[in-house]
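S.K.: For reference, the structure I am asking about is given below.
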Number of protein chains: 2
Amino acid sequence: MSRPHPIQSVVVIGSGNVATHLAQAFKEKGLSLVQVYSPTAAHAEELARKTGAQPLTRLQQLNTDADLYLISISDDQIQSLSEHLPPLHGIVAHTSGITALAALHRHRRHGVFYPLQTFSKNREVELQNVPFCIEAGDDDTADRLSGLAAQLSSKVYPVSTEKRKQLHLAAVLVNNFPTHLYHLAQTFLEQQELDFDLLRPLITETGAKMLEMDPDQAQTGPARRGDRQALNLHKELLQSQPEILALYELISNQIVRTYHE
Amino acid sequence: MSRPHPIQSVVVIGSGNVATHLAQAFKEKGLSLVQVYSPTAAHAEELARKTGAQPLTRLQQLNTDADLYLISISDDQIQSLSEHLPPLHGIVAHTSGITALAALHRHRRHGVFYPLQTFSKNREVELQNVPFCIEAGDDDTADRLSGLAAQLSSKVYPVSTEKRKQLHLAAVLVNNFPTHLYHLAQTFLEQQELDFDLLRPLITETGAKMLEMDPDQAQTGPARRGDRQALNLHKELLQSQPEILALYELISNQIVRTYHE
């Protein structure tokens, strides 16, 4: 078997956080960023400036000679956009955790290129440790997408649509839900005229611990200890906070059951 | 007003994570660690080895000449232990987020020395950015405890018992509860034969972001976007996971309400 032809030229469709981080990473690795597409001209131009690509606001002007068309837009728009693309010789892949590979089935070479990480526009992320989940309609496409991911990260895995959806759900549990808890804590502290900055080092350390510890080793606090007195005190403090109280009771009860039953 | 006499000699009562980290930090700053107490000889000896202090398993042998007696034990045992201490000239202080200053009222010089951080025995923590919450029964004691904290950290604040309890509750929201979510994610992934290691970089980055972003800026995901299709898909994936499903519904609904009402 011959070594697959490496991906050298990329069109990025989308201009959000994932599109921006990946486009910049491709550029840094010496790939040719051919075009970047967004229906909003200012967004296309901003990403074009960062990557030296041509900005594009209409898919009719798509360059059809690229090796890869990477679709990084809202999950619910991927299939529809892919069906508006012209016939392409290159690979068409999306970056979504939750969208089936089959959403791109109209394209001969189709795949998934999903980085399991949270991206924000003005914050650099070290891609080297980010898991890239790869799936494709054929082996050659899988090899070429994996080869591209391996230029960015040491963690590249073949992951089926079904497993990727499970990973995406787990990512919601460990990213979106903790972020909501941070938001509740901020709201609560500000009501008490306390500064959320006091919690930032704790939040960061809580996350950093997970690089080397398992959650059940790291768990502490009143519910972990089964300390009813502390739990009741906290519930009293939350009497005027029904939203936080509901979460407090549900999660504390789960922690107590986990470690004391 | 004269400058308060700085704390130079310390007896640490307790041998848990907080006691260990603080005792070692005092030692590094050149303070005299006089004794470390634990009712369990092996624990007292382990911490004594690390700090050069004398190990102590009986409070009757307490050296009564130290500047500070730092009580770092389970919240519900602090008051009772403090009442078994002999009369002391030095300061008696505890490290608890949830225990009232008044628990130590029997001692003439009493205070609170609460580091708002999560400590694990085998993991170093940079104390320099850890907020220390100080409270005391008199101004001189407050000044001396603040002076000691300032040797360890650039963030030293006077915090009343009432405010400290609110901070402690917020700390539970951003530490214990996310850690429970990590645990649920690990359990779920292992049932699907997926490796929790895949999530570790995401967890760490989610926490690291909070050093420079606010939670509502950082929030993403299906509930943030109000993406009903993705939310329903996740709920389907959780049909055989009642514990996670209950949390999923409660938190997702709260996120949807936060950003879409």
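Derivation of every value follows stated rules applied to the coordinates shown; laboratory data play no part. In this text, all values refer to a predicted model and were calculated from it rather than measured experimentally. With ideal geometry, Cβ positions are generated from the backbone for all residues, glycine too; neighbour counts draw on all protein chains shown.
S.K.: Label segment B:9-159 by shape, choosing from rounded, prolate and oblate, from the square roots a ≥ b ≥ c of the eigenvalues of the Cα gyration tensor; if a/c is under 1.5 it is rounded, and otherwise prolate applies when a/b is larger than b/c, oblate when it is not.
M.R.: Cα axes put segment B:9-159 in the rounded bin.
S.K.: With a cut-off of 8 Å between alpha carbons and a minimum separation of six or more residues, what is the relative contact order of segment A:204-261 in percent?
M.R.: Answer for segment A:204-261 is 34 percent.
S.K.: Continuing with the same structure: Between B:SER120, B:SER15, B:SER38, which gets the highest mean-square fluctuation from a Gaussian network model of chain B, Cα cutoff 10 Å?
M.R.: Checking each option, the largest mean-square fluctuation is seen for B:SER120.
S.K.: Next up: Find, among the residues of chain B, the one whose Cβ sits nearest the axis of the rotation taking B to A; state the distance in whole Å.
M.R.: Of all Cβ atoms in B, the one closest to the rotation axis yields B:GLY207, 1.
S.K.: Assigning unit charges at the beta carbon (Lys, Arg +1; Asp, Glu -1) and nothing else, what dipole magnitude in debye, to the nearest 20, does segment B:165-260 show about its Cα centre?
M.R.: Using Cβ point charges on Lys, Arg, Asp and Glu, segment B:165-260 gives about 420 debye.
S.K.: Let me ask something additional. Label-point separation (nm) for B:LEU59 and B:SER80, each offset 7 Å from Cα along Cα-to-Cβ?
M.R.: About 1.0 nm, to one decimal.
S.K.: Using alpha-carbon pairs under 8 Å, 6+ residues apart, how would you state the relative contact order of chain B in percent?
M.R.: RCO, chain B: 12 percent.
S.K.: Could you give, in nm with one decimal, how far B:GLU261 is from each other copy of that position, shortest first, with labels 7 Å out from Cα toward Cβ?
M.R.: Computed spacing set for this position: 2.9 nm.
S.K.: Still on this model: Can you list the equivalent-ellipsoid semi-axes of the protein assembly as shown, largest first and in whole Å, using the square root of 5 times each Cα gyration tensor eigenvalue?
M.R.: After diagonalising the Cα gyration tensor, the semi-axes are 52, 22, 21 Å.
S.K.: At R0 = 25 Å, how high is the FRET efficiency between A:GLU190 and A:GLN229 if r is their beta carbon distance? Nearest 0.05 is fine.
M.R.: The formula returns an efficiency of 0.40 here.
S.K.: Please name whichever of A:PRO115, A:PHE26, A:THR40 sits farthest to the positive end of the charge dipole of segment A:9-159, dipole taken about the Cα centre and charges placed at Cβ: Lys and Arg +1, Asp and Glu -1.
M.R.: Going by the Cα projections, it comes out as A:THR40.
S.K.: Still on this structure, I have one more. How much of the DSSP beta bridge set in chain A is antiparallel, as a percent to the nearest 5?
M.R.: Here the share of antiparallel DSSP bridges comes out near 20 percent.
S.K.: Next question, about the same structure. Provide the percentage of antiparallel DSSP beta bridges, counting only those with both residues in segment B:9-159; round to the nearest 5.
M.R.: 20 percent
S.K.: If you don't mind, another one. Using +1 on the beta carbon of Lys and Arg, -1 on that of Asp and Glu, and nothing else charged, what's the dipole of the protein assembly as shown about the Cα centre, debye to 20?
M.R.: 420 debye
S.K.: Right, another one. With no solvent and one equal point scatterer placed on each C-alpha of segment A:165-260, evaluate the Debye formula and give log10 I(q)/I(0) for q = 0.17 Å⁻¹, two decimals.
M.R.: -0.95
S.K.: Mind giving me the FRET efficiency for A:HIS105 and A:ASN129? R0 is 25 Å, r the Cβ-Cβ distance, nearest 0.05 is fine.
M.R.: E(calc), rounded to 0.05, equals 0.20.
S.K.: Which order results if B:ASP227, B:ASP214 are arranged by neighbouring Cβ count within 10 Å, fewest first?
M.R.: B:ASP214, B:ASP227
S.K.: Please get the size of the charge dipole for chain A, origin at its Cα centre, with Cβ charges of +1 on Lys and Arg and -1 on Asp and Glu, quoted in debye to the nearest 20.
M.R.: It comes to approximately 540 debye.
S.K.: Only counting other Cβ atoms within 10 Å, I'd like B:MET210, A:MET213 sorted with the fewest neighbours first.
M.R.: A:MET213, B:MET210
S.K.: Moving to a separate point now. In nm, what is the difference between 0.36 nm times the number of residues separating A:ALA246 and A:TYR259 and their Cα-Cα distance?
M.R.: The A:ALA246-A:TYR259 span can extend by a further 2.6 nm.
S.K.: Using the basic label-point model (7 angstrom from Cα toward the beta carbon), what is the B:GLU162 to B:GLU236 distance in nanometres?
M.R.: In this crude spin-label approximation the distance works out to 5.2 nm.
S.K.: Note the distances from A:LYS29 to each other copy's matching label point, with points 7 Å along the Cα-to-beta-carbon direction, in nm, sorted shortest first.
M.R.: Label-point distances to the other copies, shortest first: 4.7 nm.
S.K.: On to the next question. So the label point sits 7 Å from Cα along the Cα-to-Cβ vector; using that for B:GLU243, what distances do you get to the other copies, in nanometres, sorted shortest first?
M.R.: Its label point is 2.7 nm from the equivalent points in the other copies.
S.K.: Would you mind telling me which residue in A:GLY226, A:GLY16, A:GLY137 has the biggest mean-square fluctuation in a Gaussian network model of chain A, where springs connect alpha carbons within a distance under 10 angstrom?
M.R.: A:GLY226
S.K.: Among A:ASN253, B:PHE188, B:GLN8, which residue has its Cα positioned farthest towards the positive end of the charge dipole of the protein assembly as shown, with +1 placed on the Cβ of Lys and Arg, -1 on the Cβ of Asp and Glu, and the dipole taken about the Cα centre?
M.R.: Checked the options; the winner is B:GLN8.
S.K.: Using a simple spin-label model with points 7 Å from Cα along the Cα→Cβ vector, what separation in nm is obtained for B:HIS5 and B:SER154?
M.R.: 3.2 nm
S.K.: Taking 20 °C and 1.002 mPa s as the conditions, I'd like the Stokes-Einstein D for chain B in µm²/s, using the Kirkwood hydrodynamic radius from alpha carbon pairs.
M.R.: 103 µm²/s
S.K.: Moving on. Can you put A:VAL18, A:VAL112 in order of Cβ neighbours within 10 angstrom, beginning with the fewest?
M.R.: By the 10 Å Cβ count, ascending, the order reads A:VAL18, A:VAL112.
S.K.: Considering Cα pairs under 8 angstrom that are at least six residues apart, work out the relative contact order of segment A:47-183 and quote it in whole percent.
M.R.: Dividing the mean separation by the residue count of segment A:47-183 yields 18 percent.
S.K.: Among B:ASN176, B:ASN232, B:ASN122, which one shows the biggest mean-square fluctuation in a GNM of chain B, springs joining Cα atoms closer than 10 Å?
M.R.: Among B:ASN176, B:ASN232, B:ASN122, the largest GNM mean-square fluctuation belongs to B:ASN232.
S.K.: Further, regarding this structure: Return the whole-Å distance between the Cα centroid of segment A:200-247 and the Cα centroid of segment A:73-103.
M.R.: 40 Å
S.K.: Where does the charge balance sit around B:GLN117 when Lys and Arg score +1, Asp and Glu -1, over other residues with C-beta under 15 Å from its C-beta?
M.R.: Value of the local net charge: +2.
S.K.: Quick one: check the C-alpha center-to-center distance for segment A:109-151 versus segment B:178-196, whole angstrom.
M.R.: 22 Å
S.K.: Roughly how compact is segment B:124-165, stated as its Cα Rg over 2.2 N^0.38 Å to two decimals?
M.R.: Its radius of gyration relative to the 2.2 N^0.38 Å reference: 1.16.
S.K.: Then there's this: If each DSSP helix of 4+ residues adds -39,500 (n - 2.57) and the sum is divided by the residues in the protein assembly as shown, what number results at 222 nm, nearest 500 deg cm²/dmol?
M.R.: -13500 deg cm²/dmol
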